[in-house]
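The values are calculated or read from the model by the stated rules, or taken from the named source; none is laboratory data. Since this is a predicted model, take the numbers as computed values, not measurements. Counting neighbours? That spans all protein chains shown, and the Cβs are built from the backbone with ideal geometry, glycine included.
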Amino acid sequence: MKKLFTSAFAVASIASSAMAAELDICVEGAYPPFSETATDGSVVGFDIDIANALCASMGNTCTMVKTDWDGIIPALVEGKCDAIIASMTITEERKQVIDFTEKYYATAASFIGKEGMKVEDLKRVGVQRGTTHQNFMEGEFPDVELVLYGTQDEVYLDLQAGRIDASMADSLAQQEGFLNTDAGVGYAAIGDTYFDLKYHGAAGIGVRQEDTELRDGFTAAIAAIRASGEYDTIMKKYFDIDIWGE
Amino acid sequence: MRFELVLQHWPQLLLGVWYTLHLTFMALAIGFCIALPCGIALAQKVKWVSPFIRAYVYAFRGTPLLVQTFLIYYGLSQFEFVRESWAWYFLRDAWWCALFAFSLNSGAYATEIIRGAVETTPKGEIESAVSLGLSPLQVDWLVLIPSSLRRALPQYGNEVVFMLHGSVVASVITIQDILGVARTINAKYYLAYEGFLTAAVLYMIITYGLIQVFRYLEFRYLKHLNIHVAEADMHLAHGRI
Amino acid sequence: MDAILSYVPLIAKGTGITVSLAVTSCLLATLLGALGAAGKLSDSRFAAAIAGAYTSIVRGIPDLVLLLLVYFGGQRLVNISAQALGLESADLSKFWAGVLAIGFIYGAYLSETFRGAYMTIPPSQIEAAKSLGLHNLQIFWLVVLPQLMRFALPGYANVFQVLVKSTAVVSIIGLEDLVGLTNDIGKTLRQPFTFFAIAFVIFLCITWVSQRLFYWMERRYALQGHDAV
């Protein structure tokens, strides 16, 4: 009897430990303030704080895996990580390859450039390769020369150098990641914000298509931290406005 | 295996091939123009310039092309005074930055190649030229240089291939050369390797073509040395840096 | 200035990664080079064909392209093989993808170096050894190998120098080596020139040190009065 009990307990604990599993989370580390690399090499930012909060809520231990944006979806598909928390927009195109949880924030896109510029003046615009912003520019502004960069940080560098007239990316990321910093003096948002459902969407957590349990787990955890107020605490740490979106 | 997605973009790939070839050959040409005087100067131990040339060669052969390119593209743009100078017209453009870095790099390697070739010029050739009453400049132009260039051919063939392979660095500073296009396609469709495989095949084809050209050149111009062409395959120089 | 000094430990760590990447890749390259040379020199047409194909293909691909192929495509290969064998898949790290790619490429160059060095050994020495009754393994260990070292050393030194610089491209897949770190830090602090200049200087130091090392090795292995070193 005792043996049966201990073995049942063992099986149960193995099963539950499979739930309290270790998760690897792909993060980018080059998209301030959502994700950036600190001086000691670790990745910090809104995305990381949310990831840690969600993992705690789900009872898992999470390790951040810094991954280049170009390879982040292949990395997920190949099993280098179990989820992508890198401000990745939910799009139909991406849904063909991976699955997404419900959103964890939603913001619009905008141009930023030297103060006083207008959208009509833009000739060369920089975007990060493989983003919804690249698709948006190719679709809505086909006459503008598009320069593709590996990271958003590189776009900022060339914007400062005057190699491009403007950068098209998430309005909030550009606000906090560039305009509000020392480097952003003399630069401002140009024109309105854009949120075209054809190209844009909310940011979600990417998971492999077969990991439906993990996806639902994350979605539930997002709702949990929204309800508990933890989401707001984290959000206020980085932003003055509400980024949850509609 | 979704190669159709890659092949759909063949116009961009073709443009990428053009950019790659254009950049490679222009860098080689400018590098050669740098290397010819520098190599001869080093070989003939010309007084004042030799230390500077040696420093240049050491610096550009001792560091990676990637770092050199980054220094020029991102590094120089850091400075206000560069951005406001006439040079900015060129340095502003990724293309010119890449060309600048590649030319300097190729020039350094080519200088060493030419130096080695000039130093191994058979003394007899120079002596007979001088005894014919040719001036030093004529000796250089009519005898030394053609003879050295012939000798430099196998190693220079290597350098051409290295420059072609080195040109991939351009894709890192936004240029849409072969690798640049491949990375863009891969990123757009979340492919793991199809774009890169296509790029690899393209580079292999071009490399093979270049090797054949140099084999032919060696056969024609080194006939007198009767070098066994099949053996003069692509191998690195066995000399010192 | 203080900001820059605070990064010194990180840069030192990055330099360590660059050097260990170079050394590890070189070990793999040496192994592949030896196999390649053996293949080309062997009597078996099959071995020669494989070795020939290896060198031709690998020397036609730029290092960055092969690296990207290995890093992105290699993981899929590892996964597929692991599944086929019923094992748990291993993670192909950036470091090991770099080692594989660079080792593969420079193995092809080293196979030419070793082959050339082997062919420089006068065949009469091997005949003499054979006539003394030594068998193949002894001949290799006592006669061929010491001379191989002498003759291959200049070419080997050359390949190593090129290999060290080639490791820079691994930063493009995100490895936190010297180039990767100086790139990140330079961009974050918006002082790319300073940090790339630091990387430039460190590479010059690495080049200088390895040159000295190989020079010392060549002197050690040279025959007294024979080789002009």
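When you scan the stretch A:91-108, how many residues do you find that are modelled with pLDDT under 90 and within 15 Å of A:GLY130 (Cβ to Cβ)?
Here the count works out to 5.
Which members of the stretch C:71-96 meet the condition of being in a helix (DSSP H, G or I), free of Cβ contacts under 8 Å to residues at least 60 places away in the same chain, more than 10 Å from chain B (Cβ to nearest Cβ) and within 22 Å of the chain's Cα centre (by Cα)?
Correct list: C:TRP96 only.
Do you know which of the residues in the stretch A:124-172 that are of a type in the set (Lys, Arg) and at the interface with another protein chain (Cβ under 8 Å from one of its Cβ atoms) is farthest from A:ALA202 (Cα to Cα)?
If we take residues in the stretch A:124-172 being of a type in the set (Lys, Arg) and at the interface with another protein chain (Cβ under 8 Å from one of its Cβ atoms), then A:ARG163 is farthest from A:ALA202 (Cα to Cα).
Cβ-Cβ under 6 Å, sequence separation 6+ or interchain: first residue in the stretch B:134-148 and modelled with pLDDT under 85 and surrounded by fewer than 18 Cβ atoms within 10 Å (Cβ to Cβ), partner part of a helix (DSSP H, G or I) and of a type in the set (S, T, N, Q). Which pairs?
Within 6 Å, no pair qualifies.
If I filter the stretch A:78-86 for residues that are over 12 Å from the mean Cα position of the chain (by Cα), closer than 21 Å to C:SER171 by Cα and modelled with pLDDT of 85 or more, do I get at least one hit?
The answer is yes, given that some residue of the stretch A:78-86 is over 12 Å from the mean Cα position of the chain (by Cα), closer than 21 Å to C:SER171 by Cα and modelled with pLDDT of 85 or more.
Would you please list the contacts, defined by Cβ atoms under 6 Å and residues six or more apart or on different chains, that run from a residue in the stretch B:1-25 that is farther than 30 Å from B:ASN105 by Cα to a residue that is surrounded by 16 or more Cβ atoms within 10 Å (Cβ to Cβ)?
Between residues of the stretch B:1-25 that are farther than 30 Å from B:ASN105 by Cα and residues that are surrounded by 16 or more Cβ atoms within 10 Å (Cβ to Cβ), the close pairs are B:ARG2/B:GLU194; B:PHE3/B:GLU194; B:LEU5/B:TYR189; B:VAL6/B:ILE185; B:VAL6/B:GLU194; B:VAL6/B:GLY195; B:VAL6/B:THR198; B:HIS9/B:ILE185.
I'm trying to understand the selection: among the residues of the stretch B:177-197, which are over 23 Å from A:ILE98 (Cβ atoms) and either surrounded by fewer than 21 Cβ atoms within 10 Å (Cβ to Cβ) or not β-branched (Val, Ile, Thr) (or both)?
Passing the criteria: B:ASP177, B:LEU179, B:GLY180.
Which one of the conditions (1) more than 24 Å from the chain's Cα centre (by Cα); (2) closer than 30 Å to B:THR63 by Cβ does B:GLU119 fail to meet, given that it meets all the rest?
(1)
Select from the stretch C:194-220 the residues that are in contact with a Lys or Arg (Cβ under 9 Å, 6 or more places away or on another chain), hydroxyl-bearing (Ser, Thr, Tyr) and buried (at least 16 other Cβ atoms within 10 Å of the Cβ) and list them in ascending order.
Hit for the stretch C:194-220 is C:THR207, nothing else.
Please go through (1) buried (at least 18 other Cβ atoms within 10 Å of the Cβ); (2) closer than 28 Å to C:THR188 by Cα for A:THR219 and return the number of the only condition it doesn't satisfy.
For A:THR219, the failing item is (2).
Kindly establish whether A:GLY206 is over 29 Å from B:VAL169 (Cβ atoms) and not hydrophobic (A, V, I, L, M, F, W, C). Reasoning before the result, please.
Values: over 29 Å from B:VAL169 (Cβ atoms): yes; not hydrophobic (A, V, I, L, M, F, W, C): yes.
Here the answer is yes, as A:GLY206 does meet what is asked.
Take the residues in the stretch C:36-70 that are of a type in the set (D, E, K, R) and without any contact (Cβ under 8 Å) to a residue 40 or more places away in the chain, then tell me which one is farthest from the other protein chains (Cβ to nearest Cβ).
In this case the residue turns out to be C:ASP43.
Give the residue that is nearest to the other protein chains (Cβ to nearest Cβ), with candidates limited to residues of the stretch C:179-193 that are buried (at least 19 other Cβ atoms within 10 Å of the Cβ) and in contact (Cβ under 8 Å) with a residue 24 or more places away in the chain.
For the stretch C:179-193, the residue satisfying everything is C:VAL179.
Just the residues that are part of a helix (DSSP H, G or I) and loosely packed, with under 12 Cβ neighbours inside 10 Å, please, taken from the stretch A:231-246.
Within the stretch A:231-246, the subset part of a helix (DSSP H, G or I) is A:231-238.
Correct list: A:LYS236, A:LYS237.
I'm checking my understanding of the structure. Among residues of the stretch B:70-107 that are within 22 Å of the chain's Cα centre (by Cα), of a type in the set (S, T, N, Q) and more than 12 Å from chain C (Cβ to nearest Cβ), which one is surrounded by the fewest Cβ atoms within 10 Å (Cβ to Cβ)?
Taking the candidates together, the pick is B:SER103.
Since B:LEU164 meets every condition but one in (1) surrounded by 20 or more Cβ atoms within 10 Å (Cβ to Cβ); (2) facing chain C (nearest Cβ under 9 Å); (3) closer than 30 Å to B:GLU125 by Cα, which condition does it not meet?
Just one mismatch for B:LEU164, condition (3).
Mind checking which residues of the stretch B:172-181 are part of a helix (DSSP H, G or I) and more than 8 Å from chain C (Cβ to nearest Cβ)?
Initially, the stretch B:172-181 is screened for residues part of a helix (DSSP H, G or I), giving B:172-173, B:178-181.
Hits for the stretch B:172-181 are B:ILE173, B:ILE178, B:GLY180, B:VAL181.
Quick one: which residue in C:ALA157, C:ALA199 is part of a helix (DSSP H, G or I), of a type outside the set (Asp, Glu) and touching a Pro at 6+ places or on another chain (Cβ under 9 Å)? Reasoning before the result, please.
Details: C:ALA157 fails: touching a Pro at 6+ places or on another chain (Cβ under 9 Å).
C:ALA199 is the lone residue from the list that is part of a helix (DSSP H, G or I), of a type outside the set (Asp, Glu) and touching a Pro at 6+ places or on another chain (Cβ under 9 Å).
Anything in the stretch A:30-65 that is of a type in the set (Asp, Glu) and away from chain C (no Cβ under 14 Å)? List them, or say none.
Filtering the stretch A:30-65 down to residues of a type in the set (Asp, Glu) leaves A:36, A:40, A:47, A:49.
A:ASP47, A:ASP49 - these are the residues of the stretch A:30-65 that are of a type in the set (Asp, Glu) and away from chain C (no Cβ under 14 Å).
Are any residues in the stretch B:191-241 touching a Phe, Trp or Tyr at 6+ places or on another chain (Cβ under 6 Å), more than 7 Å from every other protein chain (Cβ to nearest Cβ) and at pLDDT 55 or above, and if so, which ones?
B:GLU194
If we only count strands (runs of 3 or more DSSP E) wholly inside the stretch A:125-217, which ones have 3 or more residues that are at pLDDT below 90?
Values: elements: A:145-149, A:166-170, A:187-194, A:203-207.
Ranges flagged: A:187-194.
List pairs: first residue in the stretch C:153-178 and on the phi > 0 side of the Ramachandran plot and more than 10 Å from chain B (Cβ to nearest Cβ), second residue surrounded by fewer than 23 Cβ atoms within 10 Å (Cβ to Cβ) and not in a helix (DSSP H, G or I) anywhere in the structure, Cβ distance under 8 angstrom, at least six positions apart or on different chains.
Listed by first residue and then by second, the contacts come to C:GLY174/A:LYS66; C:GLY174/A:ASP68.
Cβ-Cβ below 6 Å, separation at least six or inter-chain, first residue in the stretch C:201-219 and free of Cβ contacts under 8 Å to residues at least 40 places away in the same chain, second polar (S, T, N, Q) and not in a helix (DSSP H, G or I): which pairs?
Matching pairs, first to second residue: C:PHE203/B:THR63.
State whether the residues of the stretch C:130-137 include one that is free of Cβ contacts under 8 Å to residues at least 12 places away in the same chain, farther than 20 Å from C:LEU41 by Cβ, more than 14 Å from chain B (Cβ to nearest Cβ) and not in a helix (DSSP H, G or I).
yes
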